[in-house]
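Encoded as structure tokens, the structure appears first; notes follow it.
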Amino acid sequence: MNFHFRKITAFVLAVLMVISIVKYFDVETHLRSWLKNSESNKPKYIVPFSLQDLDGKTRSISEWSERRVLINFWATWCVPCRREMPLLQNLYLNKDAHNIEVIGIAVDENESVEDFIHEYGIEFPILIGQSDAYEIMQQLGNTATTLPYTLVIEPDGLITWRKNTEVKAEDLPAILGY
């Protein structure tokens, strides 16, 4: 009986101590502040950039500034990137109905990318980058440089949506703005 009482008392004291520490340090406020600051550190507007396409022609992202643009950073060796390609291709095929352009930025070698787009039937514009693409991703808020990384850019350059993982069908309402 006495042993049980000690356990209960120790447990209650431990819980009270944890509550006191949380209140003292106001962990929730610090966590919210940290999350807000990390979100506010992400760029709100696109940084102008240029990369080469598969034909070796230098293309500027500003070429597509008339419309909303979905930019998808990917690689042929990235499994989630492979899974999202049919969805992105379908979105591209319906781009006029949704008033959105789809641009892929492959963090890969030209030959691998050419084989990949033929295998998957990709028709949307593909730009190629290695370290340049990683640098652009970091400038656009993906400091971890994980793939895939997708953004939606408004005609005025405002970044309205971003995701550090595979784009899925349930993301389409947010991407398309409905």
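The values are calculated or read from the model by the stated rules, or taken from the named source; none is laboratory data. Nothing here was measured: the structure is a model prediction, and the numbers come from that model. Reconstructed Cβ throughout: ideal geometry from the backbone, glycine too, with neighbour counts over all protein chains shown. All accessible areas refer to the heavy atoms of the entire protein, side chains included, with ligands and DNA or RNA removed. Shrake-Rupley method; radii C 1.70, N 1.55, O 1.52, S 1.80 Å.
Brief remarks follow.
- Flag for L87 being touching a residue at least 60 places away in the same chain (Cβ under 8 Å), hydrophobic (A, V, I, L, M, F, W, C) and over 22 Å from Q52 (Cβ atoms): yes
- The helices (runs of 4 or more DSSP H) falling completely within the range 42-126 that include 2 or more residues that are open to solvent by less than 60 Å² (accessible area, probe 1.4 Å) and under 21 Å from L140 (Cβ atoms) map to 79-93.
- Residue check for P125: of a type outside the set (S, T, Y), at pLDDT 95 or above and on the phi < 0 side of the Ramachandran plot: yes
- Candidate set from the range 127-178 (those that are among the hydroxyl-bearing types (S, T, Y) and in a helix (DSSP H, G or I)); member that is farthest from the chain's Cα centre (by Cα): S131
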